[in-house]
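What follows is one structure encoded as structure tokens, with my remarks underneath.
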Amino acid sequence: MRPIFLIPAAGVALLTSLAAHAETITVATVNNNDMIIMQGLTDEFEKTHPDIKLDWVVLEENVLRQRLTTDIATNGGQFDVMTIGTYEVPIWARQGWLTALDDLPKDYDENDLLKPIRDGLSQKGKLYALPFYGESSMMYYRKDLFDKAGIQMTEQPTWKEVRGWADKLNDPDNGVYGICLRGKPGWGENMAFLSTLVNTYGGRWFDEKWHPEIDSPAWKEAVSFYVDMMKNDGPPGATSNGFNENQALFSSGKCGIWVDATSAAGRIFDPSESKVADELGFAPAPIAKTPKGSHWLWSWALAIPQSSQSKDAAKTFITWATSKGYVDLVGEKKGWTSVPPGTRKSTYDNPKYQQAAPFADFVLKAIETADPTDPSAKPVPYTGVQYADIPEFQAIGTQVGQMIAAALAGQQTVDQALSNAQRSADRTMRQAGYYKD
């Protein structure tokens, strides 16, 4: 016979009152796997915080960015928590759009946050967002296919080597493509990857006087290489494939090589999520003419807009979702390969994580060696490996991404795409007052 536990009438009344008067906060986030896990743990948060209810808005990356930028720039107040990144945080903080997070609870342990990630979310020494996960970029490959083709992975692969390997692995008749890379247009989609490719070919977004260099020889060489390789060895319809789509392709065994975010490692290594978990190999992001800027630095982070009317409740949630305790919660409930990577030193010191994630040290090194202050072989006036930290970049990067996607789709040549992109970027920079010549 099961024991019966009675809650005193006063306790029932208190719980009923809390539920009835719970403050609802609206959380906008991207539809990446780590955020889906966070949404799935809503009950865990609300159970320990019965006075706060979570209302989720989960969107595809390009749509999320458009919605959030419009809302915060117009003081719309639709969201209490925004999922933004290392590009937006410093810019929006300078505009006075974000709430400073300078009085965090002592047990949050701000010093445990990895320094490159913490610095990227700060403005004048103050945090304006808390990192949910951090990442660099790396190369994933199928060890079984490499072995079958007699390919030996090198310590630091070059793009020339990668092209040769992709040619050998490409087997579309059997549903395997040599390489999968981002093709979906967007400054944070195809241009995140392509910026690193241009960097390692010796290119840059702007010269020291803010003149765009998108039609430079380095850009032409890098983008021509990309388009040619993807047409020969990539999957069909690549202009529809961003991070999520390529992760699904690789996990289902349809890609021999994939170069993308380190944050995907946990999911691809999880046998319940990936058909190729047992054959997963990983290596540094490839280089061409210089190692500078060959791998990016990014963090998806949780910020509170100044327009929120529920700042205290929002802060309670974001400190919970980015805490050591949340990492432990995900580890115990979802498995240690599913914990948010790239944010806390304690995660990488945790024996449970080290045992479950053999790629942990590799990822940590990639994050710690990415240098947003020195992303190109030539001097640049901006900070950022896969973006330039100016407000105008969001529009420029997306326009350039659309034009390169058109070249990948065969709608125009690479030279035409880059020439059009150069004119568009030059016009934007002139109108913004960066130069007059």
Between the stretch 386-437 and the stretch 199-229, how many Å separate their Cα centres? 11 Å
Select from the chain the helices, each a whole stretch of DSSP H, whose alpha-carbon atoms run 20 Å or more along the helix axis and whose Kyte-Doolittle mean is at least 1.0; answer none if there are none. 393-408
Among the GluC sites (Glu not before Pro) in the stretch 206-261, which ones are in a DSSP loop with at most 15 other Cβ atoms within 10 Å of the Cβ? Mind listing them? E208
Quick one: accessible surface of R67, probe radius 1.4 Å, all protein chains present, in square angstrom to the nearest 10. 100 Å²
In Å², rounded to a whole number, the accessible area per residue of the stretch 362-437 with probe 1.4 Å is 46 Å²
Can you give me the orientation-averaged projected area of the convex hull built on the Cα atoms of the stretch 261-328, in nm²? 8.0 nm²
From the phi of every residue in the stretch 82-99, what ³J(HN,Hα) in whole Hz does the Karplus formula 6.51 cos²θ - 1.76 cosθ + 1.60 yield, where θ is phi - 60° and glycine or proline is x? 10, 8, 10, x, 5, 6, 6, 4, x, 5, 5, 5, 5, 7, x, 8, 10, 7
Using the heavy atoms of the protein chains alone and a 1.4 angstrom probe, what is the accessible area of the stretch 184-268 per residue in square angstrom? 26 Å²
Rounded to the nearest 20 debye, dipole of the chain from Cβ charges on Lys, Arg, Asp, Glu: 340 debye
Among L130, W56, G40, which residue has its Cα furthest toward the positive end of the charge dipole of the stretch 9-151, with +1 on Lys/Arg Cβ and -1 on Asp/Glu Cβ? L130
How big is the charge dipole of the stretch 49-90 about its Cα centre, in debye rounded to the nearest 20, if each Lys and Arg gets +1 on its Cβ and each Asp and Glu gets -1 on its Cβ? 60 debye
Carbon/sulfur fraction of accessible area - the stretch 247-336, other protein chains in place, 1.4 Å, %: 48 percent
Ignoring any ligand, DNA or RNA, what whole percent of the accessible area of the stretch 41-167 comes from carbon and sulfur when the probe is 1.4 angstrom? 45 percent
When a/c is below 1.5 the answer is rounded, else prolate if a/b is larger than b/c, else oblate, so apply that to the stretch 105-222 with a ≥ b ≥ c taken from the square roots of the Cα gyration tensor eigenvalues. oblate
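Quick check on the stretch 170-307: take the gyration tensor over C-alpha atoms, sort the square-rooted eigenvalues as a ≥ b ≥ c, and tell me if it's rounded (a/c under 1.5), prolate or oblate.
Judged from the Cα gyration tensor, the stretch 170-307 comes out oblate (a/c at least 1.5, b/c at or above a/b).
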So the carbon and sulfur contribution to the accessible area of the stretch 384-437, 1.4 Å probe, in percent, is 45 percent
With each run of n ≥ 4 DSSP H residues scored as -39500 (n - 2.57), what mean residue ellipticity at 222 nm is computed for the chain after dividing by its residue count and rounding to the nearest 500 deg cm²/dmol? -12500 deg cm²/dmol
Under a cut-off of 17 Å between alpha-carbon atoms, report the aspartates and glutamates in cross-link reach of K126, not counting same-chain residues fewer than 8 places apart. E88, D102, D103, D109, E110, D112
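From the alpha carbon gyration tensor of the stretch 309-361, can you work out the equivalent ellipsoid semi-axes (sqrt of 5 times each eigenvalue) and give them in Å, largest to smallest?
25, 11, 8
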If you take every DSSP beta bridge whose two residues both sit in the chain, what share of them, in percent to the nearest 5, is antiparallel? 65 percent
Which Rg and Dmax, in Å, describe the Cα atoms of the stretch 357-402? 14.1, 40
What is the Cα convex hull volume of the stretch 257-405 when expressed per residue in Å³? 169 Å³
When a/c is below 1.5 the answer is rounded, else prolate if a/b is larger than b/c, else oblate, so apply that to the chain with a ≥ b ≥ c taken from the square roots of the Cα gyration tensor eigenvalues. oblate
Using a probe radius of 1.4 Å on heavy atoms only, what accessible surface per residue do you get for the stretch 120-165? Whole Å² is fine. 43 Å²
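The values are calculated or read from the model by the stated rules, or taken from the named source; none is laboratory data. Remember, predicted model here, so these are calculated numbers, not experimental data. No Cβ is skipped: glycine too gets one built from the backbone with ideal geometry, and neighbour counts run over all protein chains shown. What goes into the accessible areas is simple: the full protein's heavy atoms, side chains included, and nothing from ligands, DNA or RNA. Shrake-Rupley method; radii C 1.70, N 1.55, O 1.52, S 1.80 Å.
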